[in-house]
1. For A:Val170, only one of the following conditions fails: (1) of a type outside the set (S, T, N, Q); (2) over 26 Å from A:Gly3 (Cβ atoms); (3) touching a residue at least 12 places away in the same chain (Cβ under 8 Å). What is its number?
2. Restricting attention to region B:80-103, report how many residues are in a loop (DSSP other than H, G, I, E, B) and open to solvent by 90 Å² or more (accessible area, probe 1.4 Å).
3. Considering only region B:49-75, how many residues are open to solvent by 70 Å² or more (accessible area, probe 1.4 Å), within 19 Å of the chain's Cα centre (by Cα) and not hydroxyl-bearing (Ser, Thr, Tyr)?
4. Of B:Thr160, B:Thr149, B:Thr187, which residue is out of contact with any Leu (no Cβ under 7 Å at 6 or more places or on another chain) and away from every other protein chain (no Cβ under 14 Å)?
5. Assess whether B:Tyr166 counts as being away from chain A (no Cβ under 14 Å), modelled with pLDDT of 90 or more and either open to solvent by less than 40 Å² (accessible area, probe 1.4 Å) or on the phi > 0 side of the Ramachandran plot (or both).
6. Among the residues of region A:218-247, how many are open to solvent by less than 40 Å² (accessible area, probe 1.4 Å), of a type in the set (A, V, I, L, M) and more than 11 Å from the chain's Cα centre (by Cα)?
7. Name every residue in region B:153-204 that is among the hydroxyl-bearing types (Ser, Thr, Tyr) and within 30 Å of A:Glu151 (Cα to Cα), in order of residue number.
8. If I ask for residues that are surrounded by 15 or more Cβ atoms within 10 Å (Cβ to Cβ) and either over 26 Å from the mean Cα position of the chain (by Cα) or more than 30 Å from B:Val109 (Cβ to Cβ) (or both), which ones from region B:129-145 would you list?
Amino acid sequence: MAGLTLTNVVKRFGALQVVHGANLEIADGEFVVFVGPSGCGKSTLLRMIAGLEDVSGGEIAIDGTVVNDVEPAERRIAMVFQSYALYPHMTVRRNLSFGLQMNGNPKEDTERRIAHAADILQINELMDRRPAQLSGGQRQRVAIGRAIVREPQVFLFDEPLSNLDAELRVQMRVEISKLHKQLGTTMIYVTHDQTEAMTLADKIVVLRAGRIEQVGAPLDLYDDPANQFVAGFVGSPKMNFLKGRVEAVGGGSITVSLIADPSVRLTMPVNSMPAEGTPVTLGIRPEHFTDAGAGNADLKVAVDVAEHLGHTSYIYASVADEALIIERPETRHSGHRQDFTVGLPARRCFLFDADGQRLR
Amino acid sequence: MRLRNGIAYAFLAPYLLIFATFWLWPIISSFLISFQNTRVNPWRFAPSLNWGRLVGDPAFYNALYNTLIILVIQVPVMIALATVMAVLLNSPLLKARPLYRFAFFAPVVVGEVAYAAVFRLMFSIDFGIVNKLLGTVGISAISWFDNATAAMALVIIAVTWRWAGYNAIIILAGLQSVPGDVYEAATLDRVSKVQQFFHITLPLLRPIILFCVVLSVIGTMQLFTEPFLITNRGGPGGGTETLGLLLYRQGFNSLNFGYASAIAYTIAALAVAISLLNLFFGRQAK
């Protein structure tokens with residue numbers, strides 16, 4: 001087991017720079033999730049940690065030792081690939097034992113490790129099958145098993161669940177979480193699915209365009225996003241953003257009105273004081289709207305579509321030309337184009353400046 | 001439905017007609033001819049004449065021996081070479097890959113006569129570049145066309161030069177179908193490149209290599225061009241005469257079509273038998 005430190009890590013492919021000076025501290029035994037949209041550099045960062053990509057600048061240290069020039073095989077890491085990357089011509093048992101055998105690991109120890117991994121992942125009855133004879137979920141288990149038998153210092157997962165159907169994904173997510181608790185090994189997990197990130201992580205690293213936008217515990221990111229990107233990325237359905245402008249400043253708070261409905265005004269405490277008239281963005285999560293009258297201001301919206309899921313309803317609405325998603329418990333509001341009024345609680349709203357940075 | 005089938009067959013008719021006339025009928029016809037005495041006019045039905053001769057003909061055994069020697073040496077050497085070429089062509093370190101791909105494939109599209117002429121020049125005892133190069137490392141000039149063993153070696157070299165690239169391209173296609181992350185997984189499993197080649201690449205290429213072996217066996221069983229054009233019609237003294245050449249001599253020099261047909265069927269039967277053996281052992285090894 002080991003911690004990991006990234007210091008100003010840069011990755012360039014020719015003239016194209018895809019990771020711009022990433023700094024990150026990962027504690028021993030921590031479950032860290034790299035999350036971000038496609039092309040944000042999360043997989044590249046993971047592959048650099050694995051040693052499958054060269055580091056163009058900066059340092060990667062595992063357990064205090066800089067590994068920039070250490071061969072992937074010598075880093076004591078194990079990786080689970082998106083495509084499973086099982087050896088197609090080998091049985092499950094051979095898939096698990098192959099690497100150990102090639103390195104002259106004693107037979108009894110290899111057997112012990114395989115039995116241990118098979119028990120943890122409940123793949124005992126699959127041992128003599130080949131990958132083609134396994135379902136997606138079973139293949140994923142074998143791929144994880146192959147990582148476990150290596151007894152690595154760090155586990156790396158590269159979008160391991162993205163090829164599975166929704167139900168299986170939830171099931172495997174729980175199993176990976178259990179596995180982490182059982183093994184206690186450092187795990188780094190890449191996904192573009194913020195739900196996976198929220199449910200699995202001790203610590204989430206949000207990436208955008210090769211830059212780390214924010215690092216923190218899942219609920220810290222949810223409750224206290226550093227900028228509009230993180231606010232929009234964390235949480236499902238995603239946060240609503242409404243255009244607004246600063247109406248009045250003073251006394252440690254500012255009053256903001258909505259462009260779509262200037263009669264809606266909210267007064268919020270902030271430390272930084274933008275000038276009156278400054279354009280801002282007001283963010284509010286779908287689940288944070290209140291009943292009309294219960295918030296600090298009421299917002300009248302036109303309902304486009306309502307989805308009723310039983311315990312909750314998602315109301316897709318608009319105000320002027322701005323689209324909104326509102327989550328209301330057990331609302332049976334289905335009238336298309338009907339007006340619907342909700343409350344905006346100021347303490348649940350976030351303000352962002354024109355650059356998307358949070359106004360606190 | 002019936003009308004649509006009729007139209008479909010009408011469209012197929014020209015092909016089927018040509019196929020039946022120039023493909024199917026000659027196959028059946030040559031089988032029938034192999035049971036006839038074609039050295040008399042008119043031909044007479046003599047079921048044991050050609051097949052009986054085949055069993056005791058030293059020229060047939062000489063040609064069979066030569067063909068099998070070429071097969072046993074050339075096919076494995078060529079496939080091994082093709083595999084190595086394919087692996088090199090597949091290397092990410094290689095620049096200008098399409099150029100090499102073309103270069104390796106080019107021998108197949110070169111005209112047979114032109115390539116045979118170049119080989120004859122290259123291996124000429126008096127002014128061939130090969131003997132000159134051998135001379136520089138102290139090996140005395142080899143009479144490639146007058147020594148039966150050297151002539152066989154020449155045929156093997158020529159056939160290998162011509163077809164190794166072709167097989168390399170097929171094997172390369174197989175290599176490219178192996179996902180790269182399998183090798184990455186192996187690298188993380190601390191499996192060396194050499195171990196990766198023997199334990200991952202080769203087993204995954206087995207079906208493709210088997211396919212190439214079967215194709216090459218069929219091709220070698222029919223070998224004609226190289227011994228005919230390069231080593232002077234199977235020379236020296238029948239030293240490179242193959243079954244294909246014997247067939248040609250019997251059919252078109254001696255006009256003994258009955259015997260030529262019997263040889264043709266023997267070639268086909270041997271090719272099928274060897275290919276089936278290959279497939280059988282290839283599957284067993286799995």
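1. The failed condition is (3).
2. Qualifying residue count for the region: 3.
3. Of the residues in region B:49-75, 2 are open to solvent by 70 Å² or more (accessible area, probe 1.4 Å), within 19 Å of the chain's Cα centre (by Cα) and not hydroxyl-bearing (Ser, Thr, Tyr).
4. Answer to the selection: B:Thr149.
5. For B:Tyr166, the condition - away from chain A (no Cβ under 14 Å), modelled with pLDDT of 90 or more and either open to solvent by less than 40 Å² (accessible area, probe 1.4 Å) or on the phi > 0 side of the Ramachandran plot (or both) - is not met.
6. Of the residues in that region, 5 qualify.
7. B:Tyr183, B:Thr187, B:Ser192, B:Thr201, listed by residue number.
8. Listed by number, the list holds a single entry, B:Asn131.
The values are calculated or read from the model by the stated rules, or taken from the named source; none is laboratory data. The structure displayed is predicted, hence computed values, not measured ones. Glycine gets a Cβ as well: all are built from the backbone with ideal geometry, and neighbour counts include every protein chain shown. The area values use the complete protein model at the heavy-atom level, side chains included, leaving out ligands, DNA and RNA. Shrake-Rupley method; radii C 1.70, N 1.55, O 1.52, S 1.80 Å.
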